[in-house]
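Only one structure is covered here, and it is reproduced in the block below.
The values are calculated or read from the model by the stated rules, or taken from the named source; none is laboratory data. None of these values were measured; they are calculated from a predicted model. Here the Cβ is made from the backbone with ideal geometry for all residues, glycine too, and neighbour counts use every protein chain on show.
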Amino acid sequence: MASLMKFSNLLKRPNISPVICGSGKRWHNHSTGHQASSETSDGGLNFDLTAQQIEIRDLARKFSKEEILPKAAEFDKKMEFPWDIFKKAWEIGLVNKHIPQKYGGLGMNNLEGTLVTEELAYACGGMQSGILSTELGQIPLLLAGNDQQKKEYCGRLLSEPIIAAFCVTEPGAGSDVGSIKTTAVKKGDEYILNGQKMWITNGGNASFYFVLARTDPDLTAPKSKSFTGFLVESDLKGVIIGRKEVMMGQRAADTRGITFEDVRVPKENVLIGEGAGFKIAMESFDFTRPYAAAGAVGVAQRALDEATNYALERKTFGQPIINHQAIAFLIAEMAMDVELGRLAYYRGSWEYDQGKSNSYYASIAKAFASDAANKAASNAVQVFGGNGYNTEYPVEKLMRDAKIYHIYEGTSQIQRLIITREHLKRVKMGLILKRKLYNAGNLDAGISLQCVSEYWIVETVNNDKTLCIEVKIVALD
C-alpha cells in the first residue's frame, strides 16, 4: 500500500497518470477527456473536472485496479465482506470522505464522492456497495447531527476502521417509508426502541446505525412529523443481528435484517429532535442517489469495455464480430447510455453541491443509470454469446450485480414518481406565474416561460422592450 497516497496529500503532489482498469483497455474518453480546470473563461458551462478531482478519480481507479479487481470473483463466490480491502480503503481515505475538515475529515463534496463510487463499482459492484455504504449511514449524522454528536462519531470513524449503516427499510415498508412500524417510546432520558429492519447493507458489520422510528403513535399524523432519527450502537442489549442474506448479485456486500427488542437509546442520540427523522432520511437520499447512479454507471462502463474488447478479438466469418452491424449497434447503445448516465449523475451531484434542491436531477440520474447498467450488462452477455452465460467470464456477474440498482435507494418506479412530482411542480408554478403576471395588468404582449433548474425564466415584451424576470420555485401544496 506504500504506493497509494492518502487523499489528504492530493494537493501536495503532482498529477498522476490515468490508470488502466479492468481486464483490458478503457474505451471511453472519461480517462483522458476531462482537462484539469478550476474555472471557465467566461463563467459558462464547463464539463471539465478540476485538477484535484482528476487526482481523486485516478487514485480511486488505481486502488480499484490493484486491490478490488483481482479479488472480485473470489469474494463474489465466497459471499464475504472484504474486510482487508475495506481497511486499506479506510487507510487512504476512500471512505469517510465527506466528514468536514472541522472534525478531522477531508470535506469532499458530492461530485468528488461520486467519482470514487464509479471507479470502485467498475471493479466490483458488490465491494463498492459494501465498502462505501458506510457513508450512507454517516450522511444523516453529517446533515443533522449537533456538534457533540459529530465530534464523537466522526472521531470514532476516523480513528479506526468502523462502519455505519442506514436502517430504514422494513418488511412492510420499502418504497413506502411512511409505513414504518418500528417505534421509539420516550421514557425518562431514554427511548425504548422496538421493531424490525430488513435489507440493511452492512447490518452485520456496523458499529452504529441510523435508525428511523415512529415516535408519534397517531397513525393519521403527517409522516413529515411522525418519525425520529436515532444513532443506535450495534452492541446495545436487545439489538439482534439476523442471518446474512444470500443475494442474486453484489454478494460481497453484507446484507441482513436487524431486530430491536426494548433497546434503550439515550435521548442524546436523537438527531435534531422528535419528528425530524423523515426529513433527514429524505435529504440523505438526495445526497446519496447520485452515488447509486454513479455505481450503476461504473458497472455499465465495465460491461461496455468488456464487450468491446471481446468483440475486437472474437472472429466470425473471417472478421472481428464488432464489424457486424448487429454487434456494433449493441456497443453503440451501451456507449450512449454510459455517457448520458454519467452526465446525469454529474448534474445531480452538481445541483447538490450548489446548494440547490436536487431531488429532480438525482432521481433522473438514478432511474436512467439503473436502466443503463442493466441494459449494458445484458448486451454484454449477448455479445459474449454462450461464453457470457459462463461464470468463467466476467459479464454474467455484471448482469447479476446490475439488477439491484433498480431496487435499492428507491426503486426505479419510485424515481419516476418523484420525477413526475417535481416536473408537475414546475409546471404548476409556471401557470401560477403566468396568471399572476397577466392579472397584474402590466403586460402588453405575449409571455414565454422557460424552466431552468429550480428557476422559471419569464420573458415578456413590454413597450417594445424585452423584460426578463427570474423567479425561484418554492414548495407547492
Original post:
In the range 248-279, what residues are closer than 20 Å to residue 81 by Cβ and without any contact (Cβ under 8 Å) to a residue 60 or more places away in the chain?
Top reply: 255, 256
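Okay, residues lined up against (1) out of contact with any Gly (no Cβ under 6 Å at 6 or more places or on another chain); (2) of a type outside the set (D, E, K, R); (3) surrounded by 21 or more Cβ atoms within 10 Å (Cβ to Cβ); (4) modelled with pLDDT under 95:
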position	(1), (2), (3), (4)
332	yes, yes, no, no
335	yes, yes, no, no
347	yes, no, no, no
350	yes, yes, no, no
356	yes, no, no, yes
361	no, yes, yes, no
367	yes, yes, yes, no
372	no, yes, yes, no
**OP:** Please find, within the range 275-295, the residue that is surrounded by the fewest Cβ atoms within 10 Å (Cβ to Cβ) out of those that are closer than 17 Å to residue 180 by Cα and among the aliphatic types (A, V, I, L, M).
**Re:** 282
Subject >> Residue in the range 134-174 that is farthest from residue 87 (Cα to Cα), counting only those that are surrounded by 14 or more Cβ atoms within 10 Å (Cβ to Cβ) and among the hydroxyl-bearing types (Ser, Thr, Tyr) >> reply: 169
Subject >> Of all residues in the range 159-196 being assigned to a strand (DSSP E or B) and in contact with a Ser or Thr (Cβ under 6 Å, 6 or more places away or on another chain), the one that is nearest to residue 409 (Cα to Cα) >> reply: 173
Original post:
Which residue pairs have Cβ atoms closer than 6 Å, lie 6 or more positions apart in sequence or on different chains, and pair a first residue in the range 65-93 that is of a type in the set (Val, Ile, Thr) with a second residue that is in a helix (DSSP H, G or I)?
Top reply: 68/123; 68/127; 85/67
Subject >> Identity of the residue in the range 404-416, of a type outside the set (Ser, Thr, Tyr) and crowded, with 17+ Cβ neighbours inside 10 Å, that ends up nearest to the chain's Cα centre (by Cα) >> reply: 409
**OP:** Assess whether residue 235 counts as being in contact (Cβ under 8 Å) with a residue 60 or more places away in the chain, in the same structural domain as residue 201 (by the TED database) and surrounded by fewer than 17 Cβ atoms within 10 Å (Cβ to Cβ).
**Re:** no
Original post:
Which one is surrounded by the most Cβ atoms within 10 Å (Cβ to Cβ), of the residues in the range 175-201 that are modelled with pLDDT of 95 or more, under 21 Å from residue 221 (Cβ atoms) and touching a helix residue (DSSP H, G or I) at 6+ places or on another chain (Cβ under 8 Å)?
Top reply: 191
Original post:
What are the residues in the range 248-274 that are part of a loop (DSSP other than H, G, I, E, B), in contact with a strand residue (DSSP E or B) (Cβ under 7 Å, 6 or more places away or on another chain) and buried (at least 19 other Cβ atoms within 10 Å of the Cβ), if any?
Top reply: 253, 254, 271
**OP:** Within the range 307-362, track down each residue that is within 28 Å of residue 387 (Cβ to Cβ), assigned to a helix (DSSP H, G or I) and in contact with a Leu (Cβ under 8 Å, 6 or more places away or on another chain).
**Re:** 307, 322, 331, 334, 335, 338
**OP:** Would you check which residues across the range 212-232 are crowded, with 16+ Cβ neighbours inside 10 Å and of a type in the set (A, V, I, L, M) and list them?
**Re:** 212, 213, 231, 232
**OP:** Output yes when any residue across the range 310-327 is charged (D, E, K, R) and within 29 Å of the chain's Cα centre (by Cα), and no when none is.
**Re:** no
Original post:
With the range 31-98 as the region, which helices (runs of 4 or more DSSP H) entirely inside it contain at least 3 residues that are modelled with pLDDT of 95 or more, within 22 Å of the chain's Cα centre (by Cα) and of a type outside the set (S, T, N, Q)?
Top reply: 51-63, 83-91
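A quick yes/no check of all residues on (1) in contact with a Phe, Trp or Tyr (Cβ under 9 Å, 6 or more places away or on another chain); (2) over 21 Å from residue 342 (Cα atoms):
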| site | (1), (2) |
| --- | --- |
| 369 | yes, no |
| 381 | yes, yes |
| 388 | yes, yes |
| 392 | no, yes |
| 397 | no, yes |
| 405 | no, no |
| 408 | yes, no |
| 417 | no, yes |
| 424 | no, yes |
